[in-house]
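Structure first, then comments.
Just so it is clear, none of the values below were taken in a lab; they were calculated from the coordinates. Source: prediction; values computed, not measured. When we count neighbours, we look across all protein chains shown, and the Cβ atoms used for this are built from the backbone with ideal geometry, even at glycine.
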Amino acid sequence: MNTRRRWLMPLPLVFLALLVVSCAKTPLGSDARETAVPDTDAGQGNVAATPAVDATSTPLPTPDAQTLAQQFQKGDSAQRLAAAWSLPGRDDLSLKTRAALLVEGLEGELAAPTEDAPLKDTYLPASALVRLHYTRVLSELGPAAIPALRAQLDSASSGAREHLLVALAYAGDGDVLPQVRELVTQAVDPIVRMDAARALGQAGDQDAVPQLEAALADSYVVTAEDDLGAYTIYPVREQAAGALRALGMAVERRGDGEFEIGG
């Protein structure tokens, strides 16, 4: 088993060619060989980019809410994510409408997971990456959307609700942090556990230290292979270690997936 480490620079997002090509964003403060949180900050401009036009061109029509809903229901994964990333800038639609559309897309992904082949230099299945992107887009609606996002919690499925809680934490809703702490150790879905850990570190939640420390022993492990050979990675542990470092704690890597908290 090759245990060499390397830094992975975020890959460009080319949604119309593949699904998601950028999925190697480093955890907060981590020195991990590879992580699995998509580089959505860098990618959203590419996903929803508007083609350049000159003064004589006819502007492209802007899809209305009904058309977007159909795209979330019937489009392929690239089309659905392109529609999702267009919504943070759609001020012509209410935050309530945008939140509902995104949650509908997330629910659809949970009910019928994307079956695209894993992408090069990634280790998470395509459906996991799609769900991570939906979570990021929901958070990109911003603090003003917190009431609209909260309104979706009651009707959301249990899986969508967990992603919504993480999105609310990313958006700055401190009231959900106790529930997000629980997700770090109690969520059945490891993708939720890893994303919840990262969100707590980004939120600067010092009260999350016990849960993040416990997550350093999370059992979720992935075996993958890249141009350096085969390797194993513990995604939840990596994100927990990065979050603890972001909270000011010294976390040292002692081995492949093994971490130790320093003094």
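Here ARG237 fulfils each of the conditions (1) under 25 Å from ALA145 (Cα atoms); (2) touching a Gly at 6+ places or on another chain (Cβ under 9 Å) apart from (1).
Restricting attention to segment 126-144, does a residue exist that is in contact (Cβ under 8 Å) with a residue 40 or more places away in the chain and basic (Lys, Arg)? For segment 126-144, residues in contact (Cβ under 8 Å) with a residue 40 or more places away in the chain and basic (Lys, Arg): present.
Exactly one residue out of ASP92, ASP116 is within 19 Å of THR62 (Cα to Cα), in contact (Cβ under 8 Å) with a residue 24 or more places away in the chain, surrounded by fewer than 20 Cβ atoms within 10 Å (Cβ to Cβ) and of a type in the set (D, E, K, R): that is ASP92. Here the helices (runs of 4 or more DSSP H) wholly within segment 98-175 that include at least 2 residues being over 14 Å from the mean Cα position of the chain (by Cα) are 146-153, 158-171.
Inclusion of LEU228 among residues that are under 14 Å from MET194 (Cα atoms) and out of contact with any strand residue (DSSP E or B) (no Cβ under 8 Å at 6 or more places or on another chain) is not warranted. For segment 135-172, which residues satisfy the criterion of being closer than 16 Å to GLU107 by Cβ, of a type in the set (Ser, Thr, Tyr) and surrounded by fewer than 24 Cβ atoms within 10 Å (Cβ to Cβ)? Those that are closer than 16 Å to GLU107 by Cβ, of a type in the set (Ser, Thr, Tyr) and surrounded by fewer than 24 Cβ atoms within 10 Å (Cβ to Cβ): SER155, SER157, SER158. The set of residues in segment 191-227 that are among the acidic types (Asp, Glu), crowded, with 16+ Cβ neighbours inside 10 Å and free of Cβ contacts under 8 Å to residues at least 60 places away in the same chain comprises ASP205, GLU213, ASP218.
Of the strands (runs of 3 or more DSSP E) lying entirely inside segment 199-263, the ones with 2 or more residues being more than 17 Å from ALA187 (Cα to Cα) and of a type in the set (A, V, I, L, M, F, W, C) are found at 222-226, 229-233, 258-261.
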